[in-house]
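The structure under discussion appears below in the form of structure tokens.
The values are calculated or read from the model by the stated rules, or taken from the named source; none is laboratory data. Treat the numbers as computed from the prediction; the structure is a model and nothing was measured. Note that each Cβ is placed from the backbone with ideal geometry, even for glycine, and that neighbours are counted across all protein chains shown.
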Amino acid sequence: MTSVLGFGGYVPERVMTNADWAEVVDTTDEWITTRTGIKERRFAADDQSTLDLAEEAALVAMKDAGLGPDEIDEIIVATDTPEVYTPDTASLMQDRLGCRNIPTYDLGGSGCAGWIQAIDVARSRIAFEPKRVLVVGVELISRLISWEDRTTAVLFGDGAGAVVMAREGGKAELVDVISGTDGSKADILTLQTGGTRHPFTVESAAAGDHQRLDMDGQAVFREAVRRMSSVTLELLERIGKGIEDVDLLVPHQANKRIIDAVGHKLGIDEDRVFINVDRYGNTGSATVPLGLWEAHAGGQIRDGDLVMLTAFGAGFHWASAALQF
Ligand code: UT7
């Protein structure tokens, strides 16, 4: 058995509203609200970096679990916006939190489904050895998007979420996880910043390639709806449950219209679907753990509840997890 001992989350204080974006690019509150459901998002302060956001969420999760840094046995960080290129954000976390010399690693570049994939990895590590694993999803994407590209810039926000997992006890059991990948669709959502295919040159940096997220929005939309709904149904079937048994669905928060379409396909009532995309926008691999933390801390999840998580993102990856509280 794998359980979750504690939940954590963090969003920076600075609020960037749709009206604020309308002063920067050619957009309106009306367009952003009707096409995405986003009203505002949080952006990190100039002196904050990915590690700061991750640390805040981790500390909340560790406190919720009643554990100190010396009681964490492994750290996994899912992120597309790491602190630096090398080493991974997880190794910097080990030092920042004051943990022992434990194994740590990133699931880097795995897009918005990365955190659910990371809890699946943690599950197998815990099955192998009775460890307490800190699993963080974090993005500071405001620093990597183009502030001139209205088609992507307005969608994203910064934030972090975390859990501490262990073999037993705790607040919820991680019943099962399913994830999948279709690499043939890798090009519908990419951030090629500084990779070996397009290493930086003075010219490419001057052209803004260090802040360029390429996205075929409509293709991502279609795949997101298809994959998040099908993987959730596949997982429910595997654990012998139906949609009527689900007390709360915490889906990846990219666009309210995507979430509504997934809810419609699954046949689940709106009041059983968690939403915070209106307040935070798309925080990448942080959306699911951040939503889970908010839902749990805010009393939207009670003992005995079955909570389904689902996400999709660059890769193209998708995943679903079932948590029994
Ligand atoms: O974690 C995964 C991250 N990505 C996603 O989840 C994205 C999934 N896709 C989507 O959410 C939607 O496709 C978008 C929100 C990105 C776009 O919505 P859409 O309904 O698919 O709009 P569209 O791309 O068809 O664009 C419609 C119009 C275009 O103008 P024309 O060609 O019709 O004149 C765009 O240029 O809206 C224009 N547009 C904007 N207008 C005002 C695009 N972005 C904006 C903007 N403000 N910010």
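Could you list, in sequence order, all residues of region 125-158 that are under 18 Å from Glu294 (Cα atoms) and within 13 Å of the ligand (Cβ to nearest atom)? Passing the criteria: Gly137, Glu139, Gly157. Selection over region 161-202 of residues that are in the same structural domain as Ala122 (by TED's automatic domain parsing) and within 16 Å of the ligand (Cβ to nearest atom) gives a count of 1.
Does any residue of region 274-281 turn out to be assigned to a helix (DSSP H, G or I), closer than 23 Å to Thr190 by Cβ, out of contact with any Phe, Trp or Tyr (no Cβ under 6 Å at 6 or more places or on another chain) and among the basic types (Lys, Arg)? The answer is no; no qualifying residue exists.
Summed over region 110-123, residues that are within 12 Å of the chain's Cα centre (by Cα) and either among the charged types (D, E, K, R) or not in a helix (DSSP H, G or I) (or both) total 1. Can Asp278 be described as under 19 Å from the mean Cα position of the chain (by Cα), among the charged types (D, E, K, R), surrounded by fewer than 18 Cβ atoms within 10 Å (Cβ to Cβ) and more than 15 Å from Ala113 (Cα to Cα)? So Asp278 fits the description; yes.
Candidates in region 31-69 are the residues that are crowded, with 20+ Cβ neighbours inside 10 Å and hydroxyl-bearing (Ser, Thr, Tyr); of these, the one that is nearest to the ligand (Cβ to nearest atom) is Thr36. For first residues located in region 30-50 and under 11 Å from Arg14 (Cβ atoms), partners that are part of a loop (DSSP other than H, G, I, E, B) and among the hydroxyl-bearing types (Ser, Thr, Tyr) and lie 6+ apart or on another chain with Cβ distances below 9 Å form the pairs Arg41/Thr283; Arg42/Thr283. Among the residues of region 163-221, those that are part of a helix (DSSP H, G or I) and β-branched (Val, Ile, Thr) comprise Ile188, Val202, Val220.
Test Ala118 against the criterion of being away from the ligand (no atom under 15 Å from the Cβ) and among the aliphatic types (A, V, I, L, M), and give yes or no. In short, yes. How many residues does region 282-314 hold that are outside any strand (DSSP E or B) and closer than 15 Å to Ala160 by Cβ? Qualifying residue count, region 282-314: 13. If the condition is being in contact with a strand residue (DSSP E or B) (Cβ under 6 Å, 6 or more places away or on another chain) and surrounded by fewer than 17 Cβ atoms within 10 Å (Cβ to Cβ), then region 70-104 contributes only Pro103. Does Leu59 meet the test of being modelled with pLDDT of 95 or more, closer than 30 Å to Ser146 by Cα and assigned to a helix (DSSP H, G or I)? No.
With the requirement that a residue be among the acidic types (Asp, Glu) and free of Cβ contacts under 8 Å to residues at least 60 places away in the same chain, what does region 51-84 give you? Across region 51-84, the qualifying residues are Asp52, Glu55, Asp70, Glu83. Anything in region 1-30 that is more than 9 Å from the ligand (Cβ to nearest atom) and in a loop (DSSP other than H, G, I, E, B)? List them, or say none. Matches in region 1-30: Met1, Thr2, Val11, Pro12, Glu13, Glu23, Val24. Taken over region 302-320, the criterion of being away from the ligand (no atom under 15 Å from the Cβ), in contact with a Phe, Trp or Tyr (Cβ under 7 Å, 6 or more places away or on another chain) and touching a residue at least 60 places away in the same chain (Cβ under 8 Å) is satisfied by Val307 alone. If you go through region 193-214 and keep only what is surrounded by fewer than 18 Cβ atoms within 10 Å (Cβ to Cβ) and in contact with a strand residue (DSSP E or B) (Cβ under 7 Å, 6 or more places away or on another chain), you end up with just Asp214.
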